[in-house]
1. Just to check, using Stokes-Einstein with a Kirkwood Rh over alpha carbon pairs, what's the diffusion coefficient of region 11-81 at 4 °C and 1.567 mPa s in µm²/s?
2. Put +1 on the Cβ of each Lys and Arg and -1 on the Cβ of each Asp and Glu in the chain; which of ALA57, SER76, LEU40 then has its Cα farthest toward the positive end of the dipole?
3. What does the charge count near LYS21 come to, summing +1 for each Lys or Arg and -1 for each Asp or Glu among other residues with Cβ under 12 Å from its Cβ?
4. What does the helix-only formula give at 222 nm for the chain: each DSSP H stretch with n ≥ 4 adding -39500 (n - 2.57), the total divided by the residues, and the result rounded to the nearest 500 deg cm²/dmol?
5. Using the basic label-point model (7 angstrom from Cα toward the beta carbon), what is the VAL42 to LYS7 distance in nanometres?
6. Trypsin sites (Lys or Arg not before Pro), restricted to region 4-75: which are DSSP loop and have at most 10 other Cβ atoms within 10 Å?
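What follows is calculated from the coordinates using simple rules that are stated; it is not laboratory data. Just so it is clear, the structure is predicted and the values come from calculations on it, not from any experiment. Backbone-built Cβ (ideal geometry, glycine too); neighbour counts: all protein chains shown.
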Amino acid sequence: MLVLTRKIDESIIIGEDIEIKVLAITGKSVKLGIIAPKELSVYRKEIYEAIKRENVAASMAPPDKLDSLEKLLINSAKKTERSSEEENRG
């Protein structure tokens, strides 16, 4: 692990296009600003771990639940297709 010391308004650069800047320090809290490309997801660690847990849980769904979801999606797509066809005719 790389450990750096920064003061308010000082930054670190990661790669060519990510900047992390110390905006404020209040007690034991540090406020950081992150400049990164829009296509890069940036999460607090606890949020990222919750997303991973939810993805694992979703991937373990029982097959009967997946079958129901597939039927629902197919029916929804058919309704959308019919609506689109009716709009094109009228």
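1. Translational diffusion coefficient: 79 µm²/s.
2. Ranked along the dipole, the leading option is ALA57.
3. Charge balance near LYS21 sits at 0.
4. Calculated at 222 nm, the ellipticity per residue is -16000 deg cm²/dmol.
5. Modelled inter-label distance: 2.3 nm.
6. The qualifying sites are LYS7, LYS28, LYS38, ARG44.
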